[in-house]
Amino acid sequence: MPPFSGLSPSDLRVNVNEAPTEALPFGRWVLQQIDRGGFIGDLAKAAKADRAFPKDGDPVAVRKRLSAQGADPDMHDALDDAELDWAAL
């Protein structure tokens, strides 16, 4: 007996409301951390104040922007921590 015998077409429909959504870009995730404490919160505050912050950027784009702005080592450490948190989602 075939594995899908006895199923109707309605049993095989996908509910688009249950489908996974597209992952939030890293830059936008950072901006959402504004109320978070510590260095990641500081990173988010700096990102919000930066009009050229790559909102739709990946960690590489954000790292490049931090370097271009001459960010201190603590901000780069915060970026590393933020990237780990974001990747764990």
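Any read-out appearing in this document is the output of simple, stated calculations on the displayed coordinates, not a laboratory observation. Quick caveat: nothing in here was measured; it's all calculated off a predicted structure. Neighbour counts run over all protein chains shown; Cβ positions are idealised from the backbone, glycine included.
In the stretch 23-87, how does Rg compare with the Kirkwood Rh, expressed as the Rg/Rh ratio over alpha carbon atoms?
Details: Rg = 10.1 Å, Rh = 11.2 Å.
Across the stretch 23-87, the Cα-based Rg/Rh ratio is 0.90.
Determine which residues of the stretch 30-67 fall in the zone a paramagnetic label at ASP85 would reach in this model, i.e. backbone nitrogen under 11 Å from the point 7 Å along Cα→Cβ.
30-45
Hey, which aspartates and glutamates would be in cross-link range of LYS48, C-alpha to C-alpha under 14 Å, not counting anything within fewer than 8 residues on its own chain?
Cross-link targets: ASP35, ASP56.
Residue by residue through the stretch 84-89, what is 3J(HN,Hα) from phi via Karplus (6.51 cos²θ - 1.76 cosθ + 1.60, θ = phi - 60°)? Round to whole Hz and write x for glycine and proline.
Taking θ as phi minus 60°, the curve returns 5, 4, 5, 5, 7, 5 Hz for the stretch 84-89.
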